[in-house]
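Where a number appears in this text, it was derived from the coordinates with a stated rule and is not lab data. Values in this document were obtained by computation on a predicted structure and should not be read as measured data. Note that each Cβ is placed from the backbone with ideal geometry, even for glycine, and that neighbours are counted across all protein chains shown.
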Amino acid sequence: MGFNDEENSMKIIIADDHALVREGIAHILGDCVGIDEIIQVSSLVKLRTALGRHPDTGLILLDISMSEDATPETLPNIRERVPGVLIAMLSVHENSELANTYFQYGASGYIPKSVSNEVLVKAVQLIMGGSIYIPAFVLKKDQSHKHTFERSNTSLQLTRRQLQVLRLIADGLTNKDIAEELDLSLSTVKTHSSSVLKAFGVSNRLKATNKAIEMGLIEKSV
């Protein structure tokens, strides 16, 4: 489902306790093709009520710092109510560790409130299209390190399937093993594997795994 699919348009809920922020985001996204309806709520309690009334919601833009904080554990709780709903975090905090924690709990994106209108639209487009929006600051190593990722000035784009493949690559599975695990053809897995390497700007699986671990997208094996 994406912005260019008018027949499969998506309903969005913006959950933020600042009316100015909610209305601003709604205005920016209001003319985007693929959005059927935009609903605004100011708290997690009202979000739960809205989800009860709109179980067909496709995407939630969720502020992490409302009066009732949206902790990472909030995400699986929301999905118990609406399985399959996409959730992207809105935040004033450009903190890679915080962002990575939300990604580990299944967030489809982490959108800083400092982004431009154009970046906001692009991020929502990516998420609605099935990709994961990862902002540039998450791609950087901790400031105590001397180097940054080769793609630190861009945003990493991985689909959910590519993220699955990445995690299985990190577990040491071959393309054939991954194909059997995910019930995909070998050629499809090879395509996903190549896309993962390209997304990280690396030439082999080990480098992709190491970068994914450093970014917090996957956990280091013990």
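Among the GluC sites (Glu not before Pro) in region 1-104, those placed in a DSSP loop whose Cβ has at most 14 other Cβ atoms within 10 Å are 68, 73. Evaluating 6.51 cos²θ - 1.76 cosθ + 1.60 at θ = phi - 60° for every residue in region 186-202, the Karplus couplings come out as 4, 5, 5, 5, 4, 5, 5, 4, 5, 5, 5, 4, 5, 4, 8, x, 10 Hz, glycine and proline recorded as x. Across region 50-60, rounded Karplus estimates of 3J(HN,Hα) from the backbone phi angles (6.51 cos²θ - 1.76 cosθ + 1.60, θ = phi - 60°) give 5, 5, x, 7, 10, x, 8, 4, x, 8, 10 Hz, Gly and Pro being marked x. The alpha-carbon atoms of region 6-135, seen along their principal axes, cover 37, 31, 28 angstrom, with the largest extent given first.
Amide H contacts of residue 65 (H built 1.01 Å from N, in plane; Pro and chain starts excluded): 70 sit under 5 Å, all sequence-distant by 5 or more or on other chains.
When the alpha carbon gyration tensor of region 156-215 is reduced to an equivalent ellipsoid, the three semi-axes, largest first, read 18, 11, 10 Å.
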